[in-house]
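Asks: Below is the structure I would like to discuss, written out as structure tokens.
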Amino acid sequence: MKHFLKETDLGPGELGKVFSLARELKRGRGRHSAPVLAGQTWALIFAKSSTRTRVSFEVGIHELGGHALYLNRNDIQLGRGESIEDTARVLSRLVHGIVIRTFEQSEVERLAAAAAVPVVNGLTDFLHPCQIYADAFTAAERWAGPGGDLVASLRGRKIAFLGDTCFNMANSWILGASLFGMRISLAGPKGFEPGAQIRAQLNAEGRAADFKFTTDPHEAVSGADIVYTDVWTSMGKEEESEGRAARMRPYAVTAGLFAAAKPDALFMHCLPAHPGHEVEQAVLDNPRSVVFDEAENRLHVQKAILAVLSEARGG
Ligand code: CP
Ligand code: NVA
């Protein structure tokens, strides 16, 4: 059974397939050209809030001919202590695939291990792989042009990641950059260096030294093709909000800092954004800000991921 729990769960060939299919689906939107989920129901389990992930999966599954079943974690027995394994076993008898947004990556892994249907990671504290694929596709669309090689257009490019450098988006970009053949520099406060879990993942995949960390935001953005940031206070970290804001302030993406990247650099953010905190409104409004393309591309890229998973399953 093929799952998508982390960026590297799809190999380079499958990545190319996801990107070219996403481009095709984007062009043919509304034509229901690929009803690959016809007759299928996919469960979407959410333990955290969501706008983009929920809506893009619900719309995407519908557009592929399937039905999406939204399940708030607290409304199902999982929220009252039923095990993740039994949840996987029961849902596997009833639905054709599961998307899950939760806290621990291990919960997603346990769900996948016990499931007889594909499982997709819709964000954990550790990774947000659907977002990274959509982000990389967004940059590749611009760099490769209409008929160009999307995956090849990423190779050798540099991304600078600023702010919270030891949570899901930073981790996912570290793993993603390694898969895409990109260079990544992360700039954040002392104590926010990428942590043991992502280092262990890189080691396990033989990707050990594939990122640079610095406390100097200018050093990170120098020569960057993408300047990326995320909220300073992620879901589940609300109690730390004040302390984080104080420490991360020097890493806010201001117009001045953005100007220190390459002259044609893109600004990216997974959203939701907090203007005046991790990014200035002027940067969000810059013509080289592609934040809403990223949000839209969640739909096209996830449809392609679901199609590839479904093909791997022989259905
Ligand atoms: N970027 C992202 O995953 O947004 P949501 O939290 O709204 O799903
Ligand atoms: N780091 C953020 C990403 C939201 C899409 C969070 O986990 O809240």
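The values are calculated or read from the model by the stated rules, or taken from the named source; none is laboratory data. Worth saying up front: this structure is predicted, and the values here are computed from it rather than measured. Neighbour counts run over all protein chains shown; Cβ positions are idealised from the backbone, glycine included.
Asks: Could you please find all residues in the stretch 124-161 being among the β-branched types (Val, Ile, Thr) and over 30 Å from Ser49 (Cβ atoms)?
Replies: Answer for the stretch 124-161, where residues must be among the β-branched types (Val, Ile, Thr) and over 30 Å from Ser49 (Cβ atoms): just Val151.
Asks: Separate question: So Glu24 passes all but one of these: (1) within 14 Å of ligand 2 (Cβ to nearest atom); (2) surrounded by fewer than 21 Cβ atoms within 10 Å (Cβ to Cβ). Which condition number does it fail?
Replies: (1)
Asks: Right, something else. Among the residues of the stretch 268-295, count how many are crowded, with 19+ Cβ neighbours inside 10 Å, more than 14 Å from ligand 2 (Cβ to nearest atom) and hydrophobic (A, V, I, L, M, F, W, C).
Replies: The number of residues fulfilling the criteria is 2.
Asks: Same structure again: Within the stretch 163-181, count every residue that is surrounded by 21 or more Cβ atoms within 10 Å (Cβ to Cβ), assigned to a loop (DSSP other than H, G, I, E, B) and not small (Gly, Ala, Ser).
Replies: Matching residues across the stretch 163-181 total 3.
Asks: Run down Gly60, Gly81, Gly65 and say which single residue is more than 30 Å from Ile184 (Cα to Cα), surrounded by 24 or more Cβ atoms within 10 Å (Cβ to Cβ) and away from ligand 2 (no atom under 16 Å from the Cβ).
Replies: Gly60
Asks: Give me the pairs, please: first residue somewhere in the stretch 1-20 and in contact (Cβ under 8 Å) with a residue 40 or more places away in the chain, second residue anywhere and hydrophobic (A, V, I, L, M, F, W, C) and surrounded by fewer than 18 Cβ atoms within 10 Å (Cβ to Cβ), beta-carbon distance under 7 Å, and either six or more positions apart or on two chains.
Replies: Met1/Ala116; Lys2/Ala312
Asks: Now for a different question. Of the conditions (1) surrounded by 21 or more Cβ atoms within 10 Å (Cβ to Cβ); (2) among the β-branched types (Val, Ile, Thr); (3) in contact with a helix residue (DSSP H, G or I) (Cβ under 8 Å, 6 or more places away or on another chain); (4) closer than 20 Å to Ser222 by Cβ, Thr254 fails just one. Which one is it?
Replies: The failed condition is (1).
Asks: For Glu242, which of the numbered conditions (1) surrounded by 14 or more Cβ atoms within 10 Å (Cβ to Cβ); (2) out of contact with any Phe, Trp or Tyr (no Cβ under 8 Å at 6 or more places or on another chain) fails to hold?
Replies: Condition (1) is where Glu242 drops out.
Asks: For the condition farther than 30 Å from Ala68 by Cβ, in contact with a strand residue (DSSP E or B) (Cβ under 9 Å, 6 or more places away or on another chain) and more than 14 Å from ligand 2 (Cβ to nearest atom), what is the one hit in Ala265, Ala259?
Replies: Criteria check complete, one pass: Ala265.
Asks: Of the residues that sit in the stretch 94-143 and are charged (D, E, K, R) and surrounded by 24 or more Cβ atoms within 10 Å (Cβ to Cβ), which one is nearest to Val301 (Cα to Cα)?
Replies: Asp135
Asks: Still on this structure, I have one more. Give the number of residues within the stretch 25-50 that are assigned to a helix (DSSP H, G or I) and either at pLDDT 95 or above or not charged (D, E, K, R) (or both).
Replies: So the answer is 2.
Asks: Within the stretch 297-315, track down each residue that is of a type outside the set (A, V, I, L, M), surrounded by fewer than 16 Cβ atoms within 10 Å (Cβ to Cβ) and at negative phi.
Replies: The answer is Glu311, Arg313, Gly315.
Asks: When residues of the stretch 174-209 are filtered for being touching a helix residue (DSSP H, G or I) at 6+ places or on another chain (Cβ under 6 Å) and of a type in the set (Lys, Arg), how many remain?
Replies: Matching residues across the stretch 174-209 total 1.
Asks: Output the number of the condition that Asp135 fails; it satisfies all remaining conditions of (1) of a type in the set (D, E, K, R); (2) within 17 Å of the chain's Cα centre (by Cα); (3) part of a helix (DSSP H, G or I); (4) farther than 20 Å from Gly11 by Cα.
Replies: (4)
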